[in-house]
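S.K.: Dumping the structure here so I can ask a few things about it.
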Amino acid sequence: MATYKLLATAAMGLESIVASEVKDMGYETQTENGKVFFEGDERDIAKTNLWLRTADRVKIIAGEFNAFTFDELFEKTKEIEWEKFLPVDAEFPVQGKSVKSTLHSVPNCQSIVKKAIVERLKKAYHRNSFLDESGPRFKIEVSILKDKVQLSIDTSGAGLHKRGYRVDQGEAPLKETLAAALVKLSRWTPDRPFVDPFCGSGTIVIEAAMIGQNIAPGYNREFDSEKWPWIGEDIWNEVREQAEEMANYDQPLNILGTDIDHRMVKIAEQNALEAGFADIIQFEQRQVKDFKTTEENGVVVGNPPYGERIGEIEIIEEMIQDMGRVFSKHPTWSVYILSSMARFETLYGQPATKKRKLFNGFIRTDLFQFWGERPKK
């Protein structure tokens, strides 16, 4: 098998969590803004796509070089051995971005990279006419930053947040990758109770259940690289079989999702059913102020509404105050709330043990962490 320079892309603020996941899978990493680099073969491409919970995509770095003119971009792209990656009938759309670079016209850069790859493939495959692009898809990205060009091939297809269980969703659904990151940051373990009091369509509790039973997040979906002839069906079958063996479906879990909106509770139940957790995750219609438990050492992870409409702010401020009052009665519980409210700690009634800046889409938020008392031995 060949060794490739691979890239797991990460949302802003999640780089260290993605890097930690990649390291836990046995790879050495290098991290830049939004990027975690590592090396691997064909099996590693399949494995990381199937198992990475917090990364956006897995890409192959096909080439890197400096380019200041369109001629340079064309010639250096053409020098890359694209025939090692792309079969003669490959469909290869090219998309691009350029930041602080001499070659700032993205459409022109995309067009030139496409022409250069076509020229290379026609020569490699002894074709005089056009390439019909009727075969498997290889999405190419040309990314130029400060005149350094990076050409990559997307192995994932749809973003890795697309797990395949979301039947329906609310107005502002949390991305599955961010939801998984919140669960990981809470350091929750399957032997502890887990509650999301603002469950919406159920994303956080479903991701927690997948982590709790060690189920590969990509198990029920397809990837572009599954159809690539040089990876092969056998590798994907083998990686999927290993994932099935590693899943712990017998692990008991105590997971509860609640929401004030009965419609969202119904949607969450449908999504949990689709994910295979209908009998494992409990759902209830309930306001956060009505939270009650006799259990100890639990974990609360939630993403309450941010109050972007006029008249909502006051309601949300009152809800945060309710949260602080309710959870203060359960000192052994740890609480992790993602919020864009600047006055969150004041309203909650105590300073966070720790804060972490994260982005929910383009919204700047903080993960307010209130660590519970350590259980008495």
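The values are calculated or read from the model by the stated rules, or taken from the named source; none is laboratory data. Predicted, not measured: the structure shown is a model, and the values here were computed from it. Don't worry about glycine lacking a Cβ; one is built from the backbone with ideal geometry, like all the others, and counts go over all protein chains shown.
S.K.: Test residue 124 against the stated conditions and say whether it is surrounded by fewer than 17 Cβ atoms within 10 Å (Cβ to Cβ) and either under 30 Å from residue 204 (Cβ atoms) or in the same structural domain as residue 180 (by TED's automatic domain parsing) (or both).
M.R.: In short, no.
S.K.: Follow-up question, since we're still on this one. Only one of these is aliphatic (A, V, I, L, M) and not assigned by TED's automatic domain parsing to the domain that holds residue 358: 280, 235, 316. Name it. Don't jump to the end; show me each part of the working.
M.R.: Values: 280 fails: not assigned by TED's automatic domain parsing to the domain that holds residue 358; 316 fails: not assigned by TED's automatic domain parsing to the domain that holds residue 358.
Of the residues listed, the single one that is aliphatic (A, V, I, L, M) and not assigned by TED's automatic domain parsing to the domain that holds residue 358 is 235.
S.K.: Which residue, of 346, 294, 332, is surrounded by 13 or more Cβ atoms within 10 Å (Cβ to Cβ), without any contact (Cβ under 8 Å) to a residue 60 or more places away in the chain, closer than 30 Å to residue 215 by Cβ and not aromatic (Phe, Trp, Tyr)? Break it down stepwise before answering.
M.R.: On the way: 346 fails: closer than 30 Å to residue 215 by Cβ; 294 fails: surrounded by 13 or more Cβ atoms within 10 Å (Cβ to Cβ).
Only one candidate qualifies: 332.
S.K.: When residues of the range 214-223 are filtered for being at negative phi and surrounded by fewer than 19 Cβ atoms within 10 Å (Cβ to Cβ), how many remain?
M.R.: Of the residues in the range 214-223, the ones at negative phi are 215-223.
Retained after the next criterion (residues that are surrounded by fewer than 19 Cβ atoms within 10 Å (Cβ to Cβ)): 219-222.
Count: 4.
S.K.: Next question, about the same structure. Identify the single condition in (1) surrounded by 24 or more Cβ atoms within 10 Å (Cβ to Cβ); (2) on the phi > 0 side of the Ramachandran plot that residue 146 does not satisfy, given that it satisfies every other one.
M.R.: Residue 146 satisfies every listed condition except (1).
S.K.: Just checking, which of 252, 173, 190 is in contact with an Asp or Glu (Cβ under 9 Å, 6 or more places away or on another chain), farther than 27 Å from residue 38 by Cα and surrounded by fewer than 22 Cβ atoms within 10 Å (Cβ to Cβ)? Don't jump to the end; show me each part of the working.
M.R.: Values: 173 fails: in contact with an Asp or Glu (Cβ under 9 Å, 6 or more places away or on another chain); 190 fails: in contact with an Asp or Glu (Cβ under 9 Å, 6 or more places away or on another chain).
Just one listed residue meets the conditions, 252.
S.K.: Of the residues that sit in the range 41-88 and are assigned to a strand (DSSP E or B) and in contact with an Asp or Glu (Cβ under 9 Å, 6 or more places away or on another chain), which one is farthest from residue 216 (Cα to Cα)?
M.R.: The first filter runs over the range 41-88 and keeps only residues assigned to a strand (DSSP E or B), leaving 57-66.
Checking which are in contact with an Asp or Glu (Cβ under 9 Å, 6 or more places away or on another chain) leaves us with 57-60, 62-63, 65-66.
Details: 57: 15, 58: 15, 59: 19, 60: 21, 62: 27, 63: 30, 65: 35, 66: 38 Å.
Result: 66.
S.K.: Still on this structure, please answer the following. Residue pairs, Cβ under 6 Å, 6 or more apart or interchain, first in the range 180-196 and closer than 14 Å to residue 210 by Cα, second of a type in the set (Ser, Thr, Tyr) and buried (at least 21 other Cβ atoms within 10 Å of the Cβ). List them.
M.R.: 180/54; 181/54
S.K.: Here's something else I'd like to know. With the condition kept exactly as written, say whether any residue in the range 49-64 is in the same structural domain as residue 150 (by TED's automatic domain parsing), farther than 27 Å from residue 178 by Cα and surrounded by 15 or more Cβ atoms within 10 Å (Cβ to Cβ). Talk me through it step by step, then tell me what you get.
M.R.: The first filter runs over the range 49-64 and keeps only residues in the same structural domain as residue 150 (by TED's automatic domain parsing), leaving 49-64.
Retained after the next criterion (residues that are farther than 27 Å from residue 178 by Cα): 62-64.
Now drop any that are not surrounded by 15 or more Cβ atoms within 10 Å (Cβ to Cβ), which leaves 62-63.
Looking through the range 49-64, at least one residue is in the same structural domain as residue 150 (by TED's automatic domain parsing), farther than 27 Å from residue 178 by Cα and surrounded by 15 or more Cβ atoms within 10 Å (Cβ to Cβ).
S.K.: So, in the range 86-101, exactly how many residues are within 18 Å of residue 74 (Cβ to Cβ), surrounded by 15 or more Cβ atoms within 10 Å (Cβ to Cβ) and of a type outside the set (A, V, I, L, M, F, W, C)?
M.R.: Residues that pass the stated criteria total 3.
S.K.: Inside the range 1-15, can you point out the residues that are under 10 Å from residue 54 (Cα atoms) and free of Cβ contacts under 8 Å to residues at least 60 places away in the same chain?
M.R.: 8, 9, 10, 15
S.K.: Related question: Given the criteria crowded, with 18+ Cβ neighbours inside 10 Å and among the small types (Gly, Ala, Ser), does residue 134 qualify?
M.R.: Values: crowded, with 18+ Cβ neighbours inside 10 Å: no; among the small types (Gly, Ala, Ser): yes.
Criteria not met by residue 134.
S.K.: What number of residues within the range 236-273 satisfy the criterion of being acidic (Asp, Glu) and in a strand (DSSP E or B)?
M.R.: So the first thing to find is which residues in the range 236-273 are acidic (Asp, Glu), and the list is 238, 241, 244-245, 250, 259, 261, 269.
Those still in the list that are in a strand (DSSP E or B) too: 259.
Summing the residues that are acidic (Asp, Glu) and in a strand (DSSP E or B) in the range 236-273 gives 1.
S.K.: Here's a check for you: in the range 21-48, which residue that is without any contact (Cβ under 8 Å) to a residue 12 or more places away in the chain and not acidic (Asp, Glu) is surrounded by the fewest Cβ atoms within 10 Å (Cβ to Cβ)?
M.R.: 26
S.K.: Can you tell me which residues in the range 153-169 are over 24 Å from residue 62 (Cβ atoms) and small (Gly, Ala, Ser)?
M.R.: Correct list: 164 only.
S.K.: Tell me the strands (runs of 3 or more DSSP E) entirely within the range 274-373 that contain at least 1 residues that are of a type in the set (Lys, Arg). Quick ask: steps written out before the conclusion?
M.R.: Working: elements: 281-285, 299-302, 334-339, 354-360, 363-370.
Correct list: 354-360, 363-370.
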